[in-house]
1. With a 1.4 Å probe and every protein chain left in place, work out the accessible area per residue of region A:112-231 in Å², rounded to a whole number.
2. With an 8 Å Cα cut-off and a minimum separation of 6 or more residues, compute the relative contact order for region A:2-97 in percent.
3. Give me the distance in nm between label points sitting 7 Å out from Cα along the Cα-to-Cβ direction at residue A:95 and residue A:136, one decimal.
4. Loop-only check: which GluC sites (Glu not before Pro) in region B:47-108 are DSSP coil with at most 14 other Cβ within 10 angstrom?
5. Output the 0 to 90 degree angle, nearest 10, between the alpha-carbon long axis of helix A:166-179 and the longest principal axis computed from the alpha carbons of chain A.
6. Could you give, in nm with one decimal, how far residue A:219 is from each other copy of that position, shortest first, with labels 7 Å out from Cα toward Cβ?
7. Pick from A:149, A:173, A:55: which residue has the top mean-square fluctuation in a GNM of chain A where Cα pairs under 10 Å get a spring?
8. At 7 angstrom along the Cα-to-beta-carbon line, where would the label on residue A:80 sit relative to the other copies? Give the distances in nm, shortest first.
There are 2 protein chains.
Amino acid sequence: MRLVLARCSVDYAGRLSAHLPLATRLILVKADGSVLVHSDSLSYKPLNWMSPPCTLSEFEPDEDQRAAGVSAVWKVMHTKTADLLLISLHEVLHDSSHELGEDPGLQKDGVEAHLQKLLAEQISLLGDGHRLVRREYMTAIGPVDILATDGTGSTVAVEIKRRGDIDGVEQLTRYLELLNRDPLLAPVSGVFAAQEIKPQARTLAIDRGIRCLTLDYDAMRGVDDPHSRLF
Amino acid sequence: MRLVLARCSVDYAGRLSAHLPLATRLILVKADGSVLVHSDSLSYKPLNWMSPPCTLSEFEPDEDQRAAGVSAVWKVMHTKTADLLLISLHEVLHDSSHELGEDPGLQKDGVEAHLQKLLAEQISLLGDGHRLVRREYMTAIGPVDILATDGTGSTVAVEIKRRGDIDGVEQLTRYLELLNRDPLLAPVSGVFAAQEIKPQARTLAIDRGIRCLTLDYDAMRGVDDPHSRLF
DNA sequence: TGTTATATCTCGAAC
DNA sequence: GTTCGAGGTATAACA
């Protein structure tokens, strides 16, 4: 990993064209050749970057560039696409390289898959008398998150999202349309379950006869394992 | 901006729990207090991070931690949410701070807005005799990208995407449903225009009587301004 | 300030 | 390899 702090201007041409005026920034060159340009604020996202696989080559500035104060030009080209990142270096404040070695990678847990698992275990949250048929019930257009039966034995299809958006309602609608063509299952009703359901999505769901269910993740997790949070 | 290269392990607790085992990484502390942890590969995204506003405090390791080789513990807490990032530092290979100053920010051009502008200017791409009614035609459920009339004077609603996905077809369908309720406009036909249209989206569109139009961005831009690409 | 749509989205998994 | 869905999405535009 190479760290360069320098006054620089940057141009990118690829899926869009973008320009960074002259300013002091951090240029990060990783072992895989990828390049990130970061400013001193606005975390997370680099101002400009090039993803691997790519190659970096350094050029001497031409007459005009040297007159403008450019000490070196870096050309970073993507190997597959025609994306190009051009960095014009002026004063270099810092330049160091470091050997870091492989990274074991991030271990994460607890997202939509967890919600699905918890709701399958706590299926009565759908209402009294509900029973789980199966998770990830496969159809021609994809898996239904949860298939269950209600107190009367009728089939219920559940779509689970962390954030219930209009897209999720459309998705569930397509599933319901398909499932209701199966005489062995029909009539199938729908439940749209999410931690948070957007008003637009709720309106659309209700309009289509789909029931909305807000899930309390912390409460569901608390039932499952009261000490699962780190702190 | 502070740059620290160190062997470290990292724990995050917030919307999910995540753990990074001991390895050598770059820790970047920005002027706004935000923190990024980067490995030497996989560009763009930090392994772990904390967004501003947040506060960083350093602690002495306790007995057990010191025995395990921990030289310092950084606790980064988000000011508003309860998100917490815990960095256990072992050997520190590099530690430097730098003054960067304000960044003028990125100037970008050419995305969906540009496509919309170009298609409005080159409305005949929709077919002979088409005329622009207006861009961003407002409705109760949002703006229709382009409203036009065809050779016979019938209304045409155009939805523009860079990548034509199923969502875009659903969106256009909702617009058409609404527009066709207006006796002054009906019948309104639909055109789904994108640089690239996914097969599923095309199938759905055709099934609903929506015409698909693939846009050649470079050609459209070439008509507009032949020397607008950087290289 | 809250909500919606976009992104050089990134990233991973399923097909 | 391509497609699809999720993300601690982030971030800009807009009401």
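The values are calculated or read from the model by the stated rules, or taken from the named source; none is laboratory data. Only a predicted model underlies this, so the values are computations on that prediction, with no experimental measurement involved. Counting neighbours? That spans all protein chains shown, and the Cβs are built from the backbone with ideal geometry, glycine included. To get the accessible areas, we keep the full protein, side chains included, count just its heavy atoms, and leave off ligands, DNA and RNA. Shrake-Rupley method; radii C 1.70, N 1.55, O 1.52, S 1.80 Å.
1. 53 Å²
2. Details: 222 pairs, mean separation 32.0, N = 96.
Relative CO of region A:2-97 lands at 33 percent.
3. 5.1 nm
4. B:99, B:102
5. On a 0 to 90 degree scale, this one is about 50.
6. 5.8
7. A:55
8. Spacings between copies for this position, smallest first, are 3.7 nm.
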